[in-house]
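Below is one structure, written out as structure tokens, with a few remarks after it.
Taken together, the values in this text are just the output of simple stated rules run on the coordinates, not laboratory data. It should be emphasised that the depicted structure is a prediction, and the values quoted were computed from it without experimental measurement. Here the Cβ is made from the backbone with ideal geometry for all residues, glycine too, and neighbour counts use every protein chain on show.
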């Protein structure tokens with residue numbers, strides 16, 4: 001493999017600084033090091049992984065950030081590359097429920113973040129009213145609109161299928177995933193597959209029927225949690241990872257860039273991968289690219305929290321609702337609970353004879369409700385919502401609370417155009433690239449793709465003429 005050389009001197013490997021030790025930053029650092037660059041990764045906090053965080057609860061490893069991997073190509077390829085394929089575990093088959101109008105209804109098959117793909121499963125689900133079903137069935141007859149520009153997912157789905165589908169299906173699924181308002185979330189940024197169908201087909205349902213149902217990707221993890229992946233991402237590389245090393249600024253100099261820390265001389269870099277949330281990226285890029293920083297500051301976020309509740313198995317065995325993999329809650333419910341995952345039902349390795357593990361999620365964009373509650377009150381309120389939904393009236397024997405301030409970027413209408421403009425502005429600073437969820441989408445698969453794309457972009461910028 002050719003070694004990446006500096007743009008000024010080809011006698012040694014280029015030095016790339018990766019700012020941010022989340023999954024996107026770790027993947028970029030790994031890929032660049034394997035391409036032959038000398039890589040330094042700087043992480044402000046005391047641990048690597050970003051929103052991948054595994055903690056020990058009741059003698060089991062539980063993820064309180066990202067909860068699973070999707071079994072799709074970029075994920076499986078990376079896991080195989082670092083030698084973890086044989087340690088993967090697959091979630092049990094099952095489905096979640098929607099808690100709406102005081103009732104739990106099984107999420108119809110074929111419904112995902114992009115809305116329904118089939119009509120028949122919705123008929124027997126009772127999630128929609130008879131009127132809502134009749135309106136959804138008209139989707140193939142609705143004329144195709146001018147979808148050339150970005151639109152909100154909620155507006156598009158409501159126009160195609162009716163408001164009930166948006167409120168009772170898309171909002172709890174997509175809105176819950178992003179902790180956002182589906183009327184604001186960008187179709188191009190959050191569900192690009194739907195945007196593709198919208199521009200290329202007259203009917204969403206007919207397009208799915210023509211393509212065939214297909215199998216949804218499986219959910220994967222490790223018995224030791226997703227931190228297993230993070231802990232091994234830099235194995236087999238010479239990446240120097242510095243924790244507790246915040247970056248204050250990135251400044252262009254004659255032969256590259258200076259990366260300023262809180263003390264000591266700056267690090268010299270031939271290229272920099274900025275794998276930070278948008279607001280943090282704006283701060284470090286301000287001295288170099290004020291307009292870019294201003295654009296990044298426009299990305300809003302949602303503050304969320306995860307509560308892992310451990311129940312006595314004797315209290316849960318007779319609760320029928322806990323036999324599903326979890327439940328989703330529409331934002332219109334007014335409840336604090338956004339979603340619950342019944343971990344002991346979903347994962348065989350968490351199916352304990354004495355404990356039943358439940359993961360409770362809260363927090364939505366433009367709401368400060370969870371920040372006003374201390375940990376005990378937050379856990380109590382979420383437990384009360386779970387009791388109302390499932391009938392589980394006992395109190396957990398143990399709880400673990402994890403808070404994620406400003407963690408989920410809101411990829412709202414116009415995000416793709418804004419990002420194109422930001423990356424266009426940064427093209428004036430060759431070798432400075434962005435990576436992470438705030439730019440290329442939520443989820444570990446998106447972060448893996450983003451980190452790999454950033455590494456490819458840096459490799460191109462640093463490759464000497466004639467060297468590939």
Could you sort 429-437, 380-388, 280-288 so that the peptide with the highest average Cβ count within 10 Å comes first and the rest follow in order? 429-437, 280-288, 380-388
Per-residue counts of other Cβ atoms within 10 Å, averaged by peptide: what ranking do you get for 292-298, 112-118, 179-185, highest first? 179-185, 112-118, 292-298
So what is the relative contact order for the range 111-211, in percent, with contacts set as C-alpha pairs under 8 Å and at least six apart? 39
On a 0 to 90 degree scale, rounded to 10, what angle separates helix 415-426 from the longest Cα axis of the chain? 10
Is it possible to state the helix-based mean residue ellipticity at 222 nm for the chain, with each DSSP H run of 4+ residues giving -39500 (n - 2.57), the sum divided by total residues, to the nearest 500 deg cm²/dmol? What is it? -8500 deg cm²/dmol
Helix 23-34: inclination vs the chain longest Cα principal axis, degrees, rounded to 10, gives 40
Rounded to the nearest Å, what's the spacing between the alpha carbon centres of the range 119-154 and the range 304-376? Just the number, please. 29
For the range 117-175, alpha-carbon Rg relative to the globular expectation (2.2 N^0.38 Å, N residues): 1.11
Between the alpha carbon centres of the range 25-94 and the range 419-451 the gap in Å comes to 19
Do you know the relative contact order of the range 115-174, to the nearest whole percent, from alpha carbon pairs under 8 angstrom that are 6+ apart? 42
Counting DSSP beta bridges with both ends in the chain, the antiparallel % (nearest 5): 75
Helix 444-462 sits at what angle to the longest principal axis of the chain, using alpha carbons and giving 0 to 90 degrees rounded to 10? 20
What FRET efficiency comes out for the pair residue 416/residue 352, r = Cβ-Cβ distance, R0 = 45 Å, nearest 0.05? 0.55
Answer label for Cα extents along the principal axes in Å (calculated), chosen among (1) 101, 51, 38; (2) 70, 55, 42; (3) 70, 62, 47: (2)
So what is the relative contact order for the chain, in percent, with contacts set as C-alpha pairs under 8 Å and at least six apart? 24
Mind running the shape call on the range 111-211? Use the C-alpha gyration tensor, a ≥ b ≥ c as the square roots of the eigenvalues: rounded below 1.5 for a/c, prolate if a/b tops b/c, oblate otherwise. oblate
